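Enquirer: Structure in structure tokens, see below.
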Amino acid sequence: MSVLVVAELHGGHIAPATLHAVTAATQLGGEVHLLLAGHNVDPAPAAAIPAVAKVLVADGEAHAHALAEPLTALLLPLAPHYSHVLAAATAFGKNLMPRLAALLDVQAISEITAVIAADTFVRPIYAGNALATVRSSDTLKVLTVRATAFAAAAAEGGSAMIETIAPADAGPARFVGQSLTQSARPELTSARIVVAGGRGLGGAEPFQMLESLADKLGAAIGASRAAVDAGFVPNDLQVGQTGKIVAPELYIAVGISGAIQHVAGMKDSKVIVAINKDEEAPIFQVADYGLVADLFEALPELIKAL
Amino acid sequence: MKVLVAVKRVVDYNVRIRVKADGSGVETADVKFSANPFDEIAVEEAVRLKEAGKATEVIAVSIGPAQAQDTLRAALGIGADRAILVRTDAEIQPLAVAKILKAVAERESPDLILLGKQAIDDDSSQVGPMLAALLNRPQGTFASKLTIEDGAAVVVREVDGGLETLSLPLPAVVTTDLRLNEPRFISLPNMMKAKKKPMETLTPADLGVDPSPRLTTLKVEEPAKRKAGIKVASVAELLDKLKTEAGVIR
Ligand SMILES: Cc1cc2nc3c(=O)[nH]c(=O)nc-3n(C[C@H](O)[C@H](O)[C@H](O)COP(=O)(O)OP(=O)(O)OC[C@H]3O[C@@H](n4cnc5c(N)ncnc54)[C@H](O)[C@@H]3O)c2cc1C
Ligand SMILES: Nc1ncnc2c1ncn2[C@@H]1O[C@H](COP(=O)(O)O)[C@@H](O)[C@H]1O
């Protein structure tokens, strides 16, 4: 049987997280199909993903904003033709997949980090302080995939078959509007380097120092919950158990204490640097390189030296 | 407008989790439990709707062991009017939770159901959308702002790129994110009042739900520990290490 991946579209483009979900799908056995539901979608980039055998395109107004209700209606008759239906564990996937699973009477499996067998998966629980290996007894499996745990599938060189399917009707929920953070920086969850700031920065203005550092390093910016709650930066920068999961090559935590909820979102980074004036701060327990210093001195020095 | 709020009793977020030596789960004996933080936010939001004259009654519901009564008392202390405990000592997975909550919702006919976006023990983030699906209601997940106007819930959602606003005709299901509100401190007089508020106890069987798990946990392990790092003495040394030792910047 084949495996269906639900693609996430950002401004018409396939989100990077979807490519990681495709890689997880290739480990399940069977052909990988990709569902592309949106409005005025271009199937060519999806068909170019070598790991994908078939692209299903549902183009319609109802799918313009990826609302869960019409997407679920679209997926419900498709799902039984597959052994697994999966999406990345992003806001999109977490909003959609449980809704679908419930209507299929399936216990979904959230945020898998490894495929052990077609019915057995590893997933973090308790903010990643424990890893559970779970086996599903449902015939059909509905999964979300932690993007940082699977490499991105190649995006070019393939030539998948394209099949058009009818879009769903609009559901009861109405899209009113959105305010998306505009940034020229790399996307937080796929950036090679992330510089993240916490409450220690003390305000929105000092965060500009992090911006300068990020500029020099070509990095994305992240933040702790405390920095977001205090209004220093927008919500979409929050890294952690209940924010975004990142695993860059280099994560620089500045003025972040290292609460377990924050560490849950960045501890799989390859190299971790912590700058904190409190040498007892728990962040130093996960840092490869710790600098005990006042960030207001260390940051300008670091920016200057780069 | 009647509001139903789902509250889970979980290991307190400050507890350092220890995995059991036999790999069967995490240690829960002698650890502090509290209401799931996202659910406290949900209760606070419901009570604020009542205080603003939008809601008429707030009902808190929890599925779990007898001790979940304490969690429900805390919800009553924040200002919920009454509580329902669906008592069971068995492991209840998100799909079963959603089925039980559906049965409760069918008895109570709430106009709005509030849940947390995620339980911080299983980190599933499933029940809200599952419940919305089973009840065939629209959903607004990860809410950082909620207003009730003209028979609709207007929900500002925290999504990966920023914020998104949806309008959901009531009845609807909404899950809370961290920025929705800051739950109040429960005063002693309110805690005393909470003791006198009604609490009903049911079982999954009373509600006609089969809560058997679909997932078997084969083992629970500790994640790999990171190698201990070093302290550097200066920015210059840090940069040197990053360039030559770690090779992550040029
Ligand atoms: C349900 C729940 C979910 C949560 N989810 C998340 C999540 O997803 N992500 C997350 O990050 N948090 C999350 N939290 C919050 C988490 O518990 C911490 O409160 C938060 O991470 C703390 O942020 P912080 O490190 O910026 O602030 P603090 O803990 O206040 O730390 C600030 C640090 O800055 C240092 N500092 C101050 N001034 C300076 C200076 N001049 N120079 C150098 N260092 C300085 C201090 O020494 C301190 O270590 C969650 C909490 C709960 C209850
Ligand atoms: N046992 C339970 N009793 C009451 N509510 C629950 C229970 N389990 C989950 N919930 C609700 O569902 C939300 C999401 O849980 P989960 O899908 O397990 O992450 C929680 O924040 C609660 O509001």
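Enquirer: What nm distance separates the two modelled labels at A:Glu249 and A:Met1, each placed 7 Å from Cα along Cα→Cβ?
Expert: According to this spin-label approximation, the distance is 4.1 nm.
Enquirer: Using a simple spin-label model with points 7 Å from Cα along the Cα→Cβ vector, what separation in nm is obtained for B:Asn136 and A:Ala184?
Expert: Distance between label points: 5.2 nm.
Enquirer: If you don't mind, another one. Taking the Cα atoms of chain B, report the difference between the largest and smallest coordinate on each principal axis, in whole Å and largest first.
Expert: Here the spans come out as 65, 44, 39 Å, largest first.
Enquirer: Something else now. Calculate how large, on average over all directions, the projected area of the Cα convex hull of the protein assembly as shown is; give the answer in nm² to one decimal.
Expert: The orientation-averaged projected area of the Cα hull of the protein assembly as shown comes to 24.8 nm².
Enquirer: Now, a different point. For region A:1-152, what is the convex hull volume of the alpha-carbon atoms per residue, in Å³?
Expert: Once divided by residue count, the hull of region A:1-152 is 98 Å³.
Enquirer: Then there's this: Can you find, among A:Met266, A:Ser110, A:His33, the residue farthest towards the positive end of the dipole of chain A? Put +1 on the C-beta of Lys and Arg, -1 on that of Asp and Glu.
Expert: Ranked along the dipole, the leading option is A:Ser110.
Enquirer: Would you work out the Kirkwood radius for region B:118-250? I mean one over the mean of 1/r across all pairs of different Cα atoms, in Å.
Expert: 20.7
Enquirer: Right, something else. Over all directions, the average projected area of the alpha-carbon convex hull for chain A comes to how many nm²?
Expert: Approximately 16.0 nm², given one-decimal rounding.
Enquirer: A 29 angstrom limit on the alpha carbon distance is what I want to check against. Which of B:Lys50/B:Lys193; A:Lys94/B:Lys197; A:Lys270/B:Lys32; A:Lys94/B:Lys102 exceed it?
Expert: Correct reply: A:Lys94/B:Lys197; A:Lys270/B:Lys32.
Enquirer: Would you please give the FRET efficiency between A:Gln27 and B:Lys196, computed as 1/(1 + (r/R0)^6) with r the Cβ-Cβ distance and R0 = 45 Å, to the nearest 0.05?
Expert: The computed FRET efficiency comes out at 0.20.
Enquirer: For region B:23-78 and region A:23-48, what is the centre-to-centre distance using only Cα atoms, to the nearest Å?
Expert: Using only Cα atoms, the two centres lie 41 Å from each other.
Enquirer: Let me ask something else about it. Determine the shielding of peptide B:219-228 by partner chains: average, over its residues, the number of Cβ atoms on other chains within 10 angstrom of each Cβ.
Expert: Taking the mean over all residues of the peptide, I get 5.
Enquirer: Taking the Cα centre of the protein assembly as shown as the origin, how large is its charge dipole in debye, to the nearest 20, when only Lys and Arg (+1) and Asp and Glu (-1) carry charge on their Cβ atoms?
Expert: 820
Enquirer: What FRET efficiency comes out for the pair B:Lys231/B:Asp89, r = Cβ-Cβ distance, R0 = 41 Å, nearest 0.05?
Expert: 0.30
Enquirer: Considering every residue in A:119-125, what mean count of other chain Cβ atoms within 10 Å of its Cβ is obtained?
Expert: Taking the mean over all residues of the peptide, I get 4.
Enquirer: Using a Förster distance of 25 angstrom, determine the FRET efficiency expected from the C-beta separation of A:Met161 and A:Thr139, and round it to 0.05.
Expert: 0.45
Enquirer: Relative contact order for chain B: what is it in percent, counting Cα pairs under 8 Å that are at least 6 residues apart?
Expert: 23
Enquirer: Take peptide A:101-114, look around each residue's Cβ out to 10 angstrom, count Cβ atoms belonging to other protein chains, and average those counts.
Expert: That works out to 5 on average.
Enquirer: Want the number for A:Glu301 to A:Gln285: 0.36 nm per residue separation, take away the alpha-carbon distance, what's left?
Expert: 3.4 nm
Enquirer: How far apart, in nm, are two points set 7 Å out from the Cα along the Cα-to-Cβ line at B:Thr56 and at B:Ser212?
Expert: For the pair B:Thr56/B:Ser212, the computed spacing is 4.1 nm.
Enquirer: Tell me whether region B:5-65 comes out rounded, prolate or oblate; compute the Cα gyration tensor, take square roots of the eigenvalues as a ≥ b ≥ c, and use a/c under 1.5 as the rounded threshold.
Expert: In terms of gyration-tensor shape, prolate.
Enquirer: Which whole-Hz ³J(HN,Hα) couplings does region A:259-271 yield from phi under the Karplus relation 6.51 cos²θ - 1.76 cosθ + 1.60, θ = phi - 60°, glycine and proline marked x?
Expert: My calculation for region A:259-271 gives 4, 4, 5, 7, 4, 3, x, 9, 6, 8, 5, 5, 10 Hz in order.
Enquirer: Turning to a different aspect of this structure: Provide the gained length on full extension for the span B:Thr28 to B:Asn14, in nm with one decimal, where the gain is 0.36 nm per separating residue minus the Cα-Cα distance.
Expert: Length difference between fully extended and current span is 3.7 nm.
Enquirer: By how many nm would the segment from B:Leu170 to B:Glu222 lengthen if fully extended, with 0.36 nm per residue of separation less the alpha-carbon distance?
Expert: This chain segment gains 14.4 nm when fully extended.
Enquirer: Charges on Cβ only, +1 for Lys and Arg, -1 for Asp and Glu, centred on the Cα centroid of the protein assembly as shown; of A:Gly158, B:Gln69, A:Ala226, which one is farthest towards the dipole's positive end?
Expert: Checked the options; the winner is B:Gln69.
Enquirer: A 30 angstrom limit on the alpha carbon distance is what I want to check against. Which of A:Lys244/B:Lys54; A:Lys54/B:Lys225; B:Lys54/B:Lys196; B:Lys117/B:Lys243 exceed it?
Expert: Beyond 30 Å between Cα atoms: A:Lys244/B:Lys54; A:Lys54/B:Lys225; B:Lys117/B:Lys243.
Enquirer: With an 8 Å cut-off on Cα pairs and a minimum separation of 6 or more residues, tell me the relative contact order of chain A in percent.
Expert: The value is 15 percent.
Enquirer: May I ask you to evaluate 6.51 cos²θ - 1.76 cosθ + 1.60, the Karplus curve with θ = phi - 60°, for each residue of region A:160-171 and list the ³J(HN,Hα) values in order in whole Hz, giving x for glycine and proline?
Expert: Listing the rounded values in order: 6, 5, 10, 10, 8, 10, 6, x, 7, 7, 4, x Hz.
Enquirer: Next question, about the same structure. Region A:126-179 to region B:84-157: how many Å between their Cα centroids?
Expert: The distance from the Cα centre of region A:126-179 to that of region B:84-157 comes to 21 Å.
Rule-based calculations on the coordinates, nothing more; no lab input. The structure presented is a predicted model; accordingly, all values stated were derived computationally and were not measured. Please note: Cβ atoms are built from the backbone with ideal geometry, for glycine as well, and neighbour counts cover all protein chains shown.
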